[in-house]
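Here's the structure we're looking at; comments come further down.
The values are calculated or read from the model by the stated rules, or taken from the named source; none is laboratory data. What you are looking at is a predicted structure, and each value in this text was computed from that prediction instead of being measured. In this analysis, Cβ positions are derived from the backbone assuming ideal geometry, glycine residues included, and neighbour counts consider all displayed protein chains. Accessible surface areas use protein heavy atoms only, side chains included; no ligands, DNA or RNA. Shrake-Rupley method; radii C 1.70, N 1.55, O 1.52, S 1.80 Å.
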Amino acid sequence: MSQRTATITSLPMAFEVVKAMQADGLDWGDGYRPLGRQALEEIIEGQMAAAVDCYLDQLEADDAADRRNGYYQRRLLTELGDIELHVPRTRRYSPTEVIRAYARRTREIDRVILAGFVLGLSTRKVGETLLALLGRSVSPSTVSQVAKTLDAAVAAFHRRPLQNRYKALMLDGVVLSRKTGAGALRRPVLVALGLRHDGKKEIIDFRLAASESAAEWEKFLADLYRRGLSGEGLDMICVDGGGGLLAALPGIFHGIPVQRCWAHKIRNILDKVKKADQPAVKRALHKIMNASNAPAARAAARKFANRQPLRG
């Protein structure tokens, strides 16, 4: 199935996903920023060109005179980075109200651009909201053109070259649910996160999949490898313990140590513990997880294994 298939079907849902990722300390890195800047540049320039056309059409209807007078360059600092705009003008008019509209709502607009990169969200919906934020009336053809621009940026994000700049690779399958006429449809999204040398976690890529089978994971990992993520410099790969992922890993990232994710380990253990005992068990497991070295971790593990059964 195409990666553009919409599992998240609204901007509020997309914003919640982005917010949760950022609250979890995840960074989108630099991968989407140049693509977002390019998309934003094309959209704002298109809106300014449409404003000039509208102005000249109105003058013609009023039997007044004016004519186009080329372009001038203007730089605009956005949360996605600095962009250079070619601003169209006539002898008496320049559509700077489009830039002013952006400046008034910079955070909202950049957040909408980012939402377009989230898990195949419908870019038509992004386009409708984006143009409304820019303060212009929205025609179906304009929304369609903006959607094409965002589609191209999202597709380029999933094709961009990757670099071996991580000390750990974290792989997980996130199951999302959407409502359909036949009930809830649950589909996994395969996610690759990289732990950088500065300690930040970065979203490398993600893909909507039919399942978490070995075949689906192998396709996803092979694409990452082909684009440059060969595993050079990795200290370890952290996994959720799913059988499909474990079966696919040796064929792509051979010889790299694999560790079970502590969050999944702790969750699985707590599922077997009475609710009243869970806080104490969780604290004991955190002592193992956060030990300063291997001997300290082994000592904490022995203490946990030898502890007396918790009383009810």
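Being closer than 26 Å to HIS158 by Cα and either of a type in the set (Asp, Glu) or in a strand (DSSP E or B) (or both) is the filter here, so list the residues in the stretch 86-120 that pass it.
GLU108, ASP110
Sort out which residues of the stretch 62-102 are aliphatic (A, V, I, L, M) and surrounded by 13 or more Cβ atoms within 10 Å (Cβ to Cβ), and write them in order of number.
Within the stretch 62-102, LEU76, LEU80, ILE83, LEU85, VAL87, VAL98, ILE99, ALA101 meet the criteria.
Of the conditions (1) modelled with pLDDT under 90; (2) out of contact with any helix residue (DSSP H, G or I) (no Cβ under 6 Å at 6 or more places or on another chain); (3) surrounded by fewer than 19 Cβ atoms within 10 Å (Cβ to Cβ), GLU232 satisfies every one except a single condition; which number is it?
All conditions pass for GLU232, except number (1).
Taking the condition of being closer than 30 Å to VAL112 by Cα and open to solvent by 40 Å² or more (accessible area, probe 1.4 Å), how many residues in the stretch 50-61 meet it? Give the derivation first.
Within the stretch 50-61, the first condition is being closer than 30 Å to VAL112 by Cα, and the residues that meet it are 50-55.
With open to solvent by 40 Å² or more (accessible area, probe 1.4 Å) added as a condition, the list becomes 50, 53-55.
Result for the stretch 50-61: 4.
Evaluate the following for GLY242: is it modelled with pLDDT under 90 and either within 18 Å of the chain's Cα centre (by Cα) or open to solvent by less than 40 Å² (accessible area, probe 1.4 Å) (or both)? Spell out how you get there, then give the answer.
Numbers: modelled with pLDDT under 90: yes; either within 18 Å of the chain's Cα centre (by Cα) or open to solvent by less than 40 Å² (accessible area, probe 1.4 Å) (or both): yes.
Criteria met by GLY242.
Could you tell me which residue of the stretch 259-287 is farthest from ARG226 (Cα to Cα), considering only residues that are open to solvent by 80 Å² or more (accessible area, probe 1.4 Å) and under 27 Å from the mean Cα position of the chain (by Cα)?
Let us first name the residues in the stretch 259-287 that are open to solvent by 80 Å² or more (accessible area, probe 1.4 Å), namely 260, 267, 271-272, 274-276, 282-283, 287.
After this cut, where a residue has to be under 27 Å from the mean Cα position of the chain (by Cα) as well, the list is 260, 267.
Details: ARG260: 25, ARG267: 34 Å.
The selected residue is ARG267.
Looking at (1) modelled with pLDDT of 75 or more; (2) in a helix (DSSP H, G or I); (3) within 23 Å of ALA152 (Cα to Cα), find the lone condition where GLU60 falls short.
All conditions pass for GLU60, except number (3).
Over 26 Å from TYR32 (Cα atoms) and touching a residue at least 12 places away in the same chain (Cβ under 8 Å): does that describe ALA248?
Details: over 26 Å from TYR32 (Cα atoms): yes; touching a residue at least 12 places away in the same chain (Cβ under 8 Å): yes.
Judged against the criteria, ALA248 is a match.
Condition first: under 20 Å from the mean Cα position of the chain (by Cα) and small (Gly, Ala, Ser). Now tell me which residues in the stretch 223-239 satisfy that.
Passing the criteria: only GLY228.
Quick one: ALA51 ticks every box in (1) closer than 30 Å to ALA263 by Cβ; (2) at pLDDT 85 or above bar one, so which box is it?
For ALA51, the exception is condition (1).
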